[in-house]
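> Pasting in a structure now, in structure tokens, and then I'll have a few things to ask.
Each value in this text was obtained by applying a stated rule to the coordinates, not by laboratory testing. It should be emphasised that the depicted structure is a prediction, and the values quoted were computed from it without experimental measurement. A quick note on method: Cβ atoms are made from the backbone with ideal geometry, for glycine too, and the neighbour counts reach across all protein chains shown.
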Amino acid sequence: MEIKFYPLESIENEHLKYAVIVSKYKGQYVYVKHRDRQTWEIPGGRREQGEIIGATARRELVEETGAIQYQIEPVINYSVKSEGVISYGQVFYADILELGQPLEHEIETVKWFKNSPEFLTYPDIQPILLGKTQEILGQKH
């Protein structure tokens, strides 16, 4: 598996399949647990047909975390190459100011952590995306 990063303006919207939203609530990182898995993941998901990637990020953040009030910004584009197939996505950062109940029935639990939790759904990808986000944003967040 190979992960690469690209400037925001370098990849057209139609090529971006995924939005990953590194999120904080009360100064801690927000992770969700899918109902069918025992592992944690950064909120995010697949872009729907005709949707711009920023709308995907906002939709997934609300559906998966129940965020009611938040500030969100794009951070960087990325690609994951696995078994010869390349998929592109965009990483966002969200500062969640108020949480309600998650809207998406597939999410069982929303929890916040000081650092990345153990037992990640995508352990070869998510820590790298989190690390790159922290590097880019630095002390800003």
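> Just to confirm a number: summing +1 for Lys and Arg and -1 for Asp and Glu over residues other than residue 123 whose beta-carbon lies under 14 angstrom from that of residue 123, what do you get?
Details: positive: 37; negative: 41, 118, 124.
Counting the neighbours of residue 123, the net charge comes to -2.
> Most mobile of 83, 48, 60 per a Gaussian network model of the chain (Cα springs, under 10 Å)?
Largest GNM mean-square fluctuation: 83.
> Next up: Using Cα pairs closer than 8 Å and at least 6 residues apart in sequence, work out the relative contact order for the chain, in percent.
Relative contact order comes out at 33 percent.
> Against the longest alpha carbon principal axis of the chain, how many degrees, from 0 to 90 and to the nearest 10, is the axis of helix 126-137 turned?
90
> Between residue 115 and residue 17, what is the FRET efficiency for a Förster distance of 35 Å, r being their Cβ-Cβ separation, to the nearest 0.05?
On the way: r = 28 Å, r/R0 = 0.79.
Computed FRET efficiency for residue 115 and residue 17: 0.80.
> Could you give the dipole magnitude of the chain about its Cα centre, charging the beta-carbon of Lys and Arg +1 and that of Asp and Glu -1, in debye to the nearest 20?
Working: 16 positive and 21 negative charges, 78 e Å.
For this selection, approximately 380 debye.
> Okay, moving on. Treat every Asp and Glu Cβ in the range 1-75 as -1 and every Lys and Arg Cβ as +1, leave all other atoms uncharged, and give the resulting dipole magnitude about the Cα centre to the nearest 20 debye. Present the calculation step by step, with values, prior to reporting the outcome.
On the way: 11 positive and 12 negative charges, 77 e Å.
In debye, rounded to 20, the range 1-75 gives about 360.
> Here's a follow-up. Could you list, in their original order, any pairs among 81/132; 26/111; 26/132; 33/81 whose Cα atoms are separated by more than 23 Å?
33/81
> Considering only DSSP beta bridges where both residues belong to the chain, give the percentage that are antiparallel (nearest 5).
Numbers: 32 of 42 bridges.
Beta bridges within the chain, antiparallel portion: roughly 75 percent.
> Can you tell me how the chain classifies by the Cα gyration tensor, rounded, prolate or oblate, using a/c under 1.5 as the rounded cut?
Working: a/c = 1.32, a/b = 1.30, b/c = 1.01.
Here the chain falls in the rounded category.
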